[in-house]
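The values are calculated or read from the model by the stated rules, or taken from the named source; none is laboratory data. Please read these numbers as outputs of a predicted model, since none were measured by experiment. Quick reminder, even Gly has a Cβ in these numbers, built from the backbone with ideal geometry, and neighbours come from all protein chains shown.
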Amino acid sequence: MAPEALAHVLRPMQDLFPAAESPDLLVGLGTPDDAAVYRLDDERALIVTTDFFTPIVDDAYAYGAIAAANALSDVYAMGGSPLLALTIAALPPDLPPDISSAIMLGLAETVRGAHAVIAGGHTIQDKEPKVGLAVVGLGHPDRLLTKGGARPGDVLVLTKPLGTGCITTAAKNDKADPAALQEAVGWMTRLNRDAAEVAVDLNLHAATDVTGFGLLGHGTEVAAASDVTLRLSFERIPFMAGAWPCADQWTFPGGASANRAAYEAGVAFDPALDEMRQMMLFDPQTSGGLLISVPQDRLDAFAAGMAARGAAWWPIGTAELRGAAGIIITA
């Protein structure tokens, strides 16, 4: 659903659940974020999320693994650890059982790799496969990562390169090099656990995962919630190597145009950046990386923590005092 349409649909629900009636609901409809958070006590908070989607790749196992990693990512983006998951599956009745089994195995092995457990789920019949998870995680009420925690002077880091939208769209149209798709699948099935653990260990306060609204859509949400401007350097933003040949063919999914329509008014682009490069930043991502706001005095410790885990990250900009634009992109 397009960002503006989603906001319109959710608005009536917000009026039915005023924050004053649920003081232990730390993150909910009134403060939109990557997952809901409910405080159990002074040391524990439940982190709850759900996500599912239609096939993004043809390989059944990879599809299930990507769907699981994508759903689990919302818990990591809030600074939590997944505890358990329930499967969500809509499968065609004529889908061969071995394909359905491969999808579910991809889901299950990814959840197990996150040190969580699948405890049940729900399945229906549908014409097109749709799979995902409802995930329950645990975090500390005082160590949450939210979209509203960025502060001027923070360094903005990204933990996965961009490009999954245009690569997978090209693959669906037989326009992607197999190596490009393999590269994208490798990143999409990678968990965001390492970055989340480092961020919580360092008592950082701001993060989001980059998914369907693209880097600029989710960045805009951080800028608005934190009342800052994000200044990003295009040359420092990582892209998958296989993304550029796909972008040259303009194989952007429809969501890229929807993201651009929703968010471009709040973005100031360097005139040197052509339309294709701008679209790469609106490109919807699946199971993308975390965008984390790191105070300058903790950047070296963040780098050390990520290096110790062999985890990738890139510094792509800084947060600054709020200006006319929510995001500024320099060449």
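Computed values, structure above
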| read-out | value |
| --- | --- |
| Where ASP174 falls short, out of the listed (1) closer than 21 Å to ALA71 by Cα; (2) modelled with pLDDT under 95; (3) not hydroxyl-bearing (Ser, Thr, Tyr) | (1) |
| Those residues of the range 70-103 which are within 15 Å of ALA134 (Cβ to Cβ) and either at pLDDT below 95 or in a helix (DSSP H, G or I) (or both), in sequence order | ASN70, ALA71, LEU72, SER73, ASP74, VAL75 |
| Residue in the range 159-167 that is of a type in the set (S, T, N, Q) and farther than 18 Å from VAL48 by Cα present | yes |
| ARG151 closer than 29 Å to ASP201 by Cβ, in a loop (DSSP other than H, G, I, E, B) and over 20 Å from the mean Cα position of the chain (by Cα) | yes |
| Qualifying positions in the range 198-222 - farther than 22 Å from GLY317 by Cβ and either in the same structural domain as ARG112 (by TED's automatic domain parsing) or at pLDDT below 95 (or both) | none |
| Tally, over the range 148-197, of residues that are out of contact with any strand residue (DSSP E or B) (no Cβ under 6 Å at 6 or more places or on another chain), buried (at least 24 other Cβ atoms within 10 Å of the Cβ) and not assigned by TED's automatic domain parsing to the domain that holds PHE239 | 0 |
| Candidate set: the range 209-229, residues that are out of contact with any Asp or Glu (no Cβ under 9 Å at 6 or more places or on another chain), among the hydrophobic types (A, V, I, L, M, F, W, C) and assigned to a helix (DSSP H, G or I); chosen: the one nearest to LEU72 (Cα to Cα) | VAL222 |
| Residue within the range 22-30 that is part of a loop (DSSP other than H, G, I, E, B) and either under 15 Å from the mean Cα position of the chain (by Cα) or of a type in the set (S, T, N, Q) (or both) present | yes |
| Residue count for the range 198-238, restricted to those that are surrounded by 19 or more Cβ atoms within 10 Å (Cβ to Cβ) and acidic (Asp, Glu) | 2 |
| Some residue of the range 178-190 being within 26 Å of GLU320 (Cβ to Cβ) and either in contact (Cβ under 8 Å) with a residue 12 or more places away in the chain or outside any helix (DSSP H, G or I) (or both) | no |
| Filter result (surrounded by fewer than 19 Cβ atoms within 10 Å (Cβ to Cβ) and in a strand (DSSP E or B)) within the range 281-327 | TRP314, PRO315, GLU320, LEU321 |
| Test: THR49 is surrounded by fewer than 16 Cβ atoms within 10 Å (Cβ to Cβ) and among the polar types (S, T, N, Q) | no |
| Number of positions in the range 72-102 that are over 30 Å from LEU204 (Cα atoms) and either small (Gly, Ala, Ser) or surrounded by 18 or more Cβ atoms within 10 Å (Cβ to Cβ) (or both) | 8 |
| In the range 103-136, the residues that are surrounded by 14 or more Cβ atoms within 10 Å (Cβ to Cβ) and among the β-branched types (Val, Ile, Thr) | ILE103, THR110, VAL111, ILE118, VAL131, VAL135, VAL136 |
| Answer residue from the range 107-158, given it is in contact with a helix residue (DSSP H, G or I) (Cβ under 8 Å, 6 or more places away or on another chain) and of a type in the set (S, T, N, Q) and is farthest from ASN192 (Cα to Cα) among those | THR146 |
| Matching option when the condition is of a type outside the set (S, T, N, Q) and under 23 Å from MET306 (Cβ atoms), among LEU84, LEU158 | LEU158 |
| Residues being surrounded by fewer than 16 Cβ atoms within 10 Å (Cβ to Cβ) and not in a helix (DSSP H, G or I) - total across the range 239-249 | 2 |
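Residue-wise test of (1) farther than 25 Å from PRO253 by Cβ; (2) among the polar types (S, T, N, Q); (3) free of Cβ contacts under 8 Å to residues at least 24 places away in the same chain.
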| position | (1), (2), (3) |
| --- | --- |
| LEU46 | yes, no, no |
| ALA67 | no, no, no |
| ALA71 | no, no, no |
| GLY79 | yes, no, no |
| PRO82 | yes, no, no |
| LEU105 | yes, no, no |
| THR110 | no, yes, no |
| VAL117 | yes, no, no |
